[in-house]
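Before anything else, here's the structure in question.
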There are 2 protein chains.
Amino acid sequence: MNENTPISEIDQLVQQAHEAFLAFKRINSKQRAAFMHLVADEIEALGPELIDTAKLETNLPDARLAGEKARTVFQWRSYADALEKVLDIRIDTADTQRTPPKPDLRKTAVGLGVVAVFGASNFPFAFSTAGGDTASAIAAGCSVIVKTHPGHPKTSALMAGAIKAAVQRAGLHTGLFTEVRSDNVEGGQYLVAHPLIKAVGFTGSFAGGKALYDLAAKRPEPIPVFAEMGSVNPVFLLPRKLEKAAADVAKQYAASLTLGVGQFCTNPGIFVAPNHKDLPQFIDALKTLIADTSAAPMLHQGIASAYCKNKAALLAQAGVTVLAEAPETSPETHGNATVATVTANQFLANEQLGHEVFGPFGLIITYENAQEAEAIAKTFHGELTTTVLAEPEDIHAHQSLIEVLTGKCGRLLLNGFPTGVEVCYAMQHGGPYPASTDSRFTSVGPDAIKRFLRPLSYQNWPDEWLPDELKNANPLGIWRTVNGELTKSSL
Amino acid sequence: MNENTPISEIDQLVQQAHEAFLAFKRINSKQRAAFMHLVADEIEALGPELIDTAKLETNLPDARLAGEKARTVFQWRSYADALEKVLDIRIDTADTQRTPPKPDLRKTAVGLGVVAVFGASNFPFAFSTAGGDTASAIAAGCSVIVKTHPGHPKTSALMAGAIKAAVQRAGLHTGLFTEVRSDNVEGGQYLVAHPLIKAVGFTGSFAGGKALYDLAAKRPEPIPVFAEMGSVNPVFLLPRKLEKAAADVAKQYAASLTLGVGQFCTNPGIFVAPNHKDLPQFIDALKTLIADTSAAPMLHQGIASAYCKNKAALLAQAGVTVLAEAPETSPETHGNATVATVTANQFLANEQLGHEVFGPFGLIITYENAQEAEAIAKTFHGELTTTVLAEPEDIHAHQSLIEVLTGKCGRLLLNGFPTGVEVCYAMQHGGPYPASTDSRFTSVGPDAIKRFLRPLSYQNWPDEWLPDELKNANPLGIWRTVNGELTKSSL
């Protein structure tokens, strides 16, 4: 099962996926949605073997994996149900009396073609083989080839089996979903460079996402890559909030920082706090909480050793002092929560301090005044999230800071923590570069489907030849913009 | 006026445009729309000088320019009015009883930043300085720097003056709209590489668009480029239609091919016709029509000489014969309509025959049967449009061909011609590469605004701090998706 897929076989799989895409185009959106519910059924039906296998391969605990399985099923079902809402159907009817005559124009959206999906190691279900990228590409009408993550091959095989069972039950082309195994970069690079691949979805590291982006941009036919590449997700604690809720904030911060051994894209890696008389109260509470945390196994040894190495490199920077540390046990496999601190001046003088340390590591930057907080905010590049912990009077007093943060992120939180990415319409999981390669799209929520859709206008086609979503009678019963007005009415 | 803007000055302009973008963000969508109507007013108010100047600089006739001015004004007004409809507002309300609690999430869309716009030579008003790219970027909340087209500097200056007058009347930051003059590639390249430029809009040649795309992809921070790069817009005539309407089709084809001296992105450069007993009737009608066309001045000498050169290169290919030609007068400035023909076999054997010849040049490819027609269709890459001229029985008999064409274009026409790009919601002006650099977007119609917007989610912010479009009361009175349902209701 762990053998790499030979390149010649990858080529065949892509050819088949292309054939499957052409066949899939003939199915309407209702049938596509029904198929997605079948996939959800099949994933739900996977027995305890799924959790057991994933637990062995990723070290994630049962409760987390059970929750992630439910999330994955929900993604398939909710994207299926949302599908017609993201097509943005536009109809402008003819005006034959006008000079020149106005044609009848009707715009739907169709899939881009075969999509290559690169799963993440940190979400073996929800952002891997049968994860959000696969579900949204299928919802868009695309076929999918997943380059499975070498960290959890057996989990991937079980998930792939569930999708394939659904493909078989629905009587669809077997090329609609296939997977490729490759434990080096070669297989993935071949896939992205293949002329029949028309888009890429990726969740993972900056280095990995950027390499695929560069490859895709250099093709004779460049293709879109949506890579979600993580970020430091800065949290700004404002003075009145610190005064009011130091212990409570410490508790929430420690919980968010150490959740899943800090292995979330939205982990709050940087915490910006005022150098205020109540800061020691927050720090003391935090020290106790972090010291009471047990080191826990990370996803795999490579991640644990990178955590050690990157943490050590950051701690070696001038002015950085360790504030709190969980006991270190088995550092070759386990990650121990660590919080360090640095002053604003030192942070502003050293770009390296802004780098992400993937794992349960937090850097607290202390600031003297609002100007310094804003100067820190301005150093960030694109972030998935930025967070403000504030009382109303803090917000009034820090408008300029909040404006800066708004310009840096895809999601702006107030009095919460960024871990926990709700799967819903209003979610934006993405952000300005380098959080993602294209800030105009999200990889979570039904709008994730839009990454793999392109608009297609029909001009002057009679009703019987139009796709269902564009027909006069509105047989799908969906909302459409008709001559500029949203309506569910027929024409 | 024709002097190039010095690089140091371009840098200052970009800095100012960035400042203006930050200030523009504080204005709500209603105010942005009001400003756009002011721009429309100012363009409308430009007197006969505008048409006279453009006529001198582009050789386009009065009627065409008057129409294009009206179209430009309409773009500003209709994009302003549509602005709130393309924001895709999504609200998912909190559920504090759920475990874990569901947060309140509200998603709007904000401008990407400073947009660099590269105007086209062939639409001095509608796709140049104050054209669709500028209007849609401003609608998105971006500031704009236009690299003006060297073919019509005085026209550009007049249009820029109109926008600047509106900026002044609205009391907005003067950096919101500025222009850069450069008659070589240096100025544009500097602009696209500038760190504060966050997106690019381009209409023009493949070589120009691709160069900007490559430059943008190679930046330390890659940015999106929407380049609309034209295409050959193949038209497929099917047998029953030929039998029924040979003369009529010839008339419409000749009119579309020669409209504006063939200088439209959607000019029908390739015409695919059945080798059928009635074909000579079509050809004879076409010969007369083309021979009766007068050669007309092209946009500028460079375009006229490229037309001559590219046409000659294509006519020199094996198996290509000239069918009809308008009298050649002043070829150094004028384009004379020319139609040549080639068999399917010869076309399929020579990739060069598929290249665009910008101007009033048509290549008629004759096919023997449906299979051959489909083989021709499969050779095309991305096209702005594909067209089918067909009777109902033709459509029934050519389903497979039509499916192929659907996969190749942004707009699929039946019994019409692709010149004439309606400005409306349902328009898709773009298409798979190389017609555009991103088939997921359009450069015509209000959805063009989406190219320059990115979603931004607010999590758990109280009503008073939310932007107007997300507030409970729905003060803008717009459609919003609330908990999955479209509504104009308040919360």
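Scan segment A:206-216 and give yes if some residue there is more than 17 Å from A:Val117 (Cβ to Cβ), open to solvent by less than 10 Å² (accessible area, probe 1.4 Å) and assigned to a helix (DSSP H, G or I), otherwise no.
No, every residue in segment A:206-216 fails to be more than 17 Å from A:Val117 (Cβ to Cβ), open to solvent by less than 10 Å² (accessible area, probe 1.4 Å) and assigned to a helix (DSSP H, G or I).
Could you tell me which of the residues B:Asp438, B:Asp447 is outside any helix (DSSP H, G or I) and either within 19 Å of the chain's Cα centre (by Cα) or within 20 Å of B:Ala227 (Cβ to Cβ) (or both)?
Step by step, each of B:Asp438, B:Asp447 is checked, and only B:Asp438 is outside any helix (DSSP H, G or I) and either within 19 Å of the chain's Cα centre (by Cα) or within 20 Å of B:Ala227 (Cβ to Cβ) (or both).
Determine which member of the set B:Phe127, B:Phe177, B:Phe118 is over 30 Å from A:Gly410 (Cα atoms) and of a type in the set (Phe, Trp, Tyr).
B:Phe127
Output the residues belonging to segment B:1-37 that are assigned to a helix (DSSP H, G or I) and under 18 Å from B:Glu84 (Cβ atoms).
Of everything in segment B:1-37, those that are assigned to a helix (DSSP H, G or I) and under 18 Å from B:Glu84 (Cβ atoms) turn out to be B:Phe24, B:Ser29, B:Lys30, B:Gln31, B:Arg32, B:Ala33, B:Ala34, B:Phe35, B:Met36, B:His37.
Being touching a residue at least 12 places away in the same chain (Cβ under 8 Å), in a helix (DSSP H, G or I) and out of contact with any helix residue (DSSP H, G or I) (no Cβ under 7 Å at 6 or more places or on another chain) is the filter here, so list the residues in segment A:165-186 that pass it.
Correct list: A:Val185, A:Glu186.
Same structure again: All but one of (1) within 8 Å of another protein chain (Cβ to nearest Cβ); (2) at pLDDT 95 or above; (3) not in a helix (DSSP H, G or I) hold for A:Gly431; state the number of the condition that does not hold.
Going through the list (1) within 8 Å of another protein chain (Cβ to nearest Cβ); (2) at pLDDT 95 or above; (3) not in a helix (DSSP H, G or I), A:Gly431 breaks only (1).
Exactly one condition in (1) surrounded by fewer than 24 Cβ atoms within 10 Å (Cβ to Cβ); (2) polar (S, T, N, Q); (3) in contact with a Lys or Arg (Cβ under 8 Å, 6 or more places away or on another chain); (4) more than 9 Å from chain B (Cβ to nearest Cβ) is not met by A:Ser443; state its number.
A:Ser443 satisfies all of (1) surrounded by fewer than 24 Cβ atoms within 10 Å (Cβ to Cβ); (2) polar (S, T, N, Q); (3) in contact with a Lys or Arg (Cβ under 8 Å, 6 or more places away or on another chain); (4) more than 9 Å from chain B (Cβ to nearest Cβ) except (1).
On to the next question. Closer than 21 Å to B:Leu38 by Cβ and open to solvent by 10 Å² or more (accessible area, probe 1.4 Å): does that describe B:Arg169?
yes
Restricting attention to segment B:217-226, report how many residues are more than 9 Å from chain A (Cβ to nearest Cβ) and either within 21 Å of the chain's Cα centre (by Cα) or buried (at least 24 other Cβ atoms within 10 Å of the Cβ) (or both).
Residues flagged as more than 9 Å from chain A (Cβ to nearest Cβ) and either within 21 Å of the chain's Cα centre (by Cα) or buried (at least 24 other Cβ atoms within 10 Å of the Cβ) (or both) within segment B:217-226 amount to 2.
For A:Gly410, only one of the following conditions fails: (1) open to solvent by less than 10 Å² (accessible area, probe 1.4 Å); (2) assigned to a loop (DSSP other than H, G, I, E, B); (3) without any contact (Cβ under 8 Å) to a residue 40 or more places away in the chain. What is its number?
Single failed check for A:Gly410: (2).
Now for a separate question. Which number in (1) modelled with pLDDT under 95; (2) open to solvent by 10 Å² or more (accessible area, probe 1.4 Å); (3) under 25 Å from B:Thr178 (Cα atoms) marks the one condition that B:Ser29 misses?
(2)
Can I ask one more? Identify, please: which residue in segment A:413-422 is out of contact with any helix residue (DSSP H, G or I) (no Cβ under 6 Å at 6 or more places or on another chain) and more than 7 Å from every other protein chain (Cβ to nearest Cβ) and is, among those, surrounded by the fewest Cβ atoms within 10 Å (Cβ to Cβ)?
Looking at residues that are out of contact with any helix residue (DSSP H, G or I) (no Cβ under 6 Å at 6 or more places or on another chain) and more than 7 Å from every other protein chain (Cβ to nearest Cβ), I get A:Val421.
Can I ask one more? Could you list, in sequence order, all residues of segment A:470-487 that are more than 10 Å from chain B (Cβ to nearest Cβ), out of contact with any helix residue (DSSP H, G or I) (no Cβ under 6 Å at 6 or more places or on another chain) and under 18 Å from A:Gln31 (Cα atoms)?
A:Asn474, A:Gly477
Right, another one. When the residues of segment A:51-86 are filtered to those that are away from every other protein chain (no Cβ under 14 Å) and assigned to a loop (DSSP other than H, G, I, E, B), which remaining residue is farthest from A:Thr487 (Cα to Cα)?
In this case the residue turns out to be A:Asn59.
Which residues, taken from segment A:102-141, are in a strand (DSSP E or B) and either in contact with an Asp or Glu (Cβ under 9 Å, 6 or more places away or on another chain) or more than 14 Å from chain B (Cβ to nearest Cβ) (or both)?
Selection gives A:Lys102, A:Leu105, A:Arg106, A:Lys107, A:Thr108, A:Ala109, A:Val115, A:Ala116, A:Val117, A:Phe118.
Please find, among B:Glu44, B:Glu84, the residue that is in the same structural domain as B:Phe202 (by TED's automatic domain parsing) and over 28 Å from A:Arg440 (Cα atoms).
Criteria check complete, one pass: B:Glu44.
Quickly run through segment A:38-50 and pick out the residues that are part of a helix (DSSP H, G or I) and either closer than 29 Å to A:Leu299 by Cα or open to solvent by less than 20 Å² (accessible area, probe 1.4 Å) (or both).
Of everything in segment A:38-50, those that are part of a helix (DSSP H, G or I) and either closer than 29 Å to A:Leu299 by Cα or open to solvent by less than 20 Å² (accessible area, probe 1.4 Å) (or both) turn out to be A:Val39, A:Ala40, A:Asp41, A:Glu42, A:Ile43, A:Glu44, A:Ala45, A:Pro48, A:Glu49, A:Leu50.
Given the criterion aromatic (Phe, Trp, Tyr) and surrounded by 21 or more Cβ atoms within 10 Å (Cβ to Cβ), identify the matching residue among B:Phe74, B:Phe21.
So the residue among B:Phe74, B:Phe21 that is aromatic (Phe, Trp, Tyr) and surrounded by 21 or more Cβ atoms within 10 Å (Cβ to Cβ) is B:Phe21.
Now for a separate question. Looking at the structure I just gave you, is A:Glu243 surrounded by fewer than 20 Cβ atoms within 10 Å (Cβ to Cβ), of a type in the set (D, E, K, R) and at pLDDT 95 or above?
When the stated conditions are applied, A:Glu243 passes them.
Next question. For A:Arg98, only one of the following conditions fails: (1) surrounded by 24 or more Cβ atoms within 10 Å (Cβ to Cβ); (2) in a loop (DSSP other than H, G, I, E, B). What is its number?
(1)
Moving on to the next point. Does segment B:250-284 hold any residues that are farther than 22 Å from B:Glu328 by Cβ and either open to solvent by 10 Å² or more (accessible area, probe 1.4 Å) or among the small types (Gly, Ala, Ser) (or both), and which are they?
Passing the criteria: B:Lys251, B:Gln252, B:Cys265, B:Ala273, B:Asn275, B:His276, B:Lys277, B:Asp278, B:Leu279, B:Pro280, B:Gln281.
Every residue in segment A:311-330 that is open to solvent by 60 Å² or more (accessible area, probe 1.4 Å) and either part of a strand (DSSP E or B) or farther than 17 Å from A:Gln346 by Cα (or both), please.
A:Thr321, A:Val322, A:Glu325, A:Pro327, A:Glu328, A:Thr329
Now for a different question. Within segment B:280-300, is even one residue under 23 Å from B:Pro124 (Cβ atoms) and in a strand (DSSP E or B)?
yes
The values are calculated or read from the model by the stated rules, or taken from the named source; none is laboratory data. Because the structure is a prediction, the values reported are computed rather than measured. Every residue, glycine as well, gets a Cβ built from its backbone with ideal geometry; the counts of neighbours run over all protein chains shown. When the accessible area is computed, the model is the full protein with side chains, heavy atoms only, and any ligands, DNA or RNA have been set aside. Shrake-Rupley method; radii C 1.70, N 1.55, O 1.52, S 1.80 Å.
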